[in-house]
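**Student:** There's a structure below that I have some questions on.
Just so you know, all these numbers are worked out from the coordinates, no wet-lab data involved. Here the structure is a predicted model, which is why all the values come from computation and not from measurement. Cβ placement follows ideal geometry from the backbone for every residue including glycine, while neighbour counts extend to all protein chains displayed.
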Amino acid sequence: MKTIRWGMIGCGDVTEKKSGPGFAKAAHSQLVAVMRRNGALAADYARRHGVARWHDDAAAIIGAPDIDAVYIATLTDSHREYTLRCAAAGKPVYVEKPMGMNHAECLDMIAACRVARVPLWVGYYRRALPRFLAVRDLLAKGAIGSVRMVVSRQFQRLPGAEAFAGGAVPWRVNPLLSGGGFFFESACHTLDFLDFVFGPVREVRGFAANQAGAYRPEDTVAATYRFASGVQGSGIWCYAADFDEEYNEIIGATGRIRFSTSAPVPIRIIRGDTVEELPIGDPEHVHQPLIQTIVDELNGNGKCESTGESGARTAQVMDAILSEYRAQSAR
């Protein structure tokens with residue numbers, strides 16, 4: 001098989017452990033160059049991770065003849081720009097999530113890659129993690145009978161005062177950089193995985209608010225949805241609570257499956273008074289299994305399940321949930 005040579009645009013926190021090393025450790029894959037606008041930080045990243053070269057200009061990655069595909073790991077506000085530039089250069093793209101600032105940006109990215117005839121994948125890596133594949137397989141095997149509905153819950157404390165010292169705003173709650181708040185930046189993982197197991201969402205209703213006033217975007221969200229498969233779902237997310245808790249529960253005719261999106265806690269299969277636990281941990285580099293599916297697809301072996309089309313569906317659901325709140329906030 002051919003070794004896929006990767007270039008990486010952006011060297012932020014997500015690349016330190018979650019994704020970056022996975023490009024070197026996946027079979028038939030190599031990370032040959034990294035880029036960050038701050039050259040000193042790019043050089044430091046390359047040195048620490050054993051990458052041969054670094055750049056402070058994305059053009060050096062996008063135009064390099066020895067780079068086969070590009071991983072875009074910048075903040076959300078630049079995903080569209082870099083994807084369009086990579087497509088124009090004929091480079092396959094793996095872009096971080098959220099895929100774009102909104103659904104319209106995602107459609108632009110898909111269209112550019114389609115015209116250029118290059119593939120586009122999105123960093124919803126849970127579609128390839130063993131823990132989540134185990135949930136999918138349990139459902140396929142009828143472990144809880146016919147699925148009736150799925151419920152998601154997340155409660156999280158506000159960031160400490162130090163996060164806002166001197167008027168600073170964490171990028172995840174700066175909508176000019178991230179596209180929204182903690183819900184937009186993190187709950188998309190849950191909604192994307194539910195799309196993976198239940199199919200596209202056909203109807204969605206959502207309510208959002210900013211109740212704590214610590215930052216501009218939403219901090220509480222409630223949503224209901226219906227999947228194409230007929231499964232119904234609901235979720236509540238509060239990022240201004242006094243405790244931390246997060247889980248999803250899939251309710252079937254003969255039992256329930258409870259699992260976490262964010263933490264590698266055991267999957268619980270509950271049938272009446274009986275509880276079975278499946279302790280399936282996450283790999284050291286959580287992006288690596290999905291990276292492997294991309295490398296394999298580029299080598300003509302299999303298909304990566306996290307595509308531009310699936311990422312755009314998740315963006316469309318997020319937009320629908322937040323549409324009323326965004327319209328009110330813009331007045």
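**Student:** Any idea what the relative contact order of region 130-282 is, in percent, if you count C-alpha pairs under 8 Å spaced at least 6 apart? Kindly include the intermediate steps, with their values, before the conclusion.
**Tutor:** Numbers: 303 pairs, mean separation 46.1, N = 153.
It comes to 30 percent, rounded to a whole number.
**Student:** Same structure again: Report the calculated FRET efficiency for E245 and E162 (r = Cβ-Cβ distance, R0 = 22 Å), to the nearest 0.05.
**Tutor:** 0.40
**Student:** Give the lysines whose C-alpha is closer than 28 Å to that of K97, dropping any in the same chain fewer than 8 places away, or say none.
**Tutor:** K2, K17, K18, K25, K303
**Student:** Take V317, V70 and order them by how many other Cβ atoms sit within 10 Å, fewest up front. Please list the in-between numbers first.
**Tutor:** Details: V317 23, V70 28.
Taking fewest neighbouring Cβ atoms as first place, the list is V317, V70.
**Student:** Starting from the Cα of E16, step 7 Å along the direction of its Cβ; do the same at E324; then give the gap between the two resulting points in nm.
**Tutor:** Inter-label distance under the simple model: 4.0 nm.
**Student:** Along the charge dipole of region 130-282, Cβ charges K/R +1 and D/E -1, which of G145, G281, Y247 sits furthest on the positive end?
**Tutor:** Positive-most Cα among the choices belongs to G145.
**Student:** Where q = 0.15, 0.16 Å⁻¹, what log10 of I(q)/I(0) comes from the Debye formula for the chain, counting one point per Cα?
**Tutor:** -1.32, -1.45
**Student:** Pull up the DSSP beta bridges for the chain and report the antiparallel fraction as a percent, rounded to 5. All intermediate terms of the calculation are to be shown ahead of the outcome.
**Tutor:** Details: 36 of 63 bridges.
Expressed as a percentage, antiparallel bridges in the chain total about 55.
**Student:** Take every Cα-Cα pair in region 165-255 and report what % of them are more than 18 Å apart.
**Tutor:** Summing the P(r) tail past 18 Å for region 165-255 gives 52 percent.
**Student:** Another question, then. Could you grab the relative contact order for the chain? Cα pairs under 8 Å, six or more apart, rounded to a whole percent.
**Tutor:** Reported as a whole number, the value is 20 percent.
**Student:** Taking Cα atoms, how many degrees apart are the long axis of helix 130-140 and the longest axis of the chain, rounded to 10 and kept between 0 and 90?
**Tutor:** Helix 130-140 and the main axis of the chain meet at about 50 degrees.
**Student:** Now for a different question. Using alpha carbon centroids, what distance separates region 1-41 and region 274-331, in Å?
**Tutor:** Rounded to whole Å, the Cα centres lie 19 Å apart.
**Student:** Can you grab the distance from the C-alpha centre of region 81-102 to the C-alpha centre of region 131-166, Å, no decimals?
**Tutor:** 27
**Student:** To continue, here is another question. Can you give me the angle between helix 79-88 and the longest principal axis of the chain, using Cα atoms only, in degrees from 0 to 90, rounded to the nearest 10?
**Tutor:** Once rounded, one gets 50 degrees.
**Student:** In nanometres, what is the gap between the two model label sites at N38 and K2, each 7 Å from Cα along Cα-to-Cβ?
**Tutor:** 3.6
**Student:** If you fit an axis through the alpha-carbon atoms of helix 103-116 and take the longest principal axis of the Cα set of the chain, what angle between them do you get, 0 to 90°, nearest 10?
**Tutor:** 40
**Student:** For K303, what charge total do you get from the other residues with a beta carbon under 10 Å from its beta carbon, if Lys and Arg give +1 and Asp and Glu give -1?
**Tutor:** For residues surrounding K303, the net value is -3.
**Student:** Assign one of three labels to region 98-223, namely rounded, prolate or oblate, based on the Cα gyration tensor with a ≥ b ≥ c the square roots of its eigenvalues; rounded applies when a/c is under 1.5, prolate when it is not and a/b is larger than b/c, and oblate otherwise.
**Tutor:** oblate
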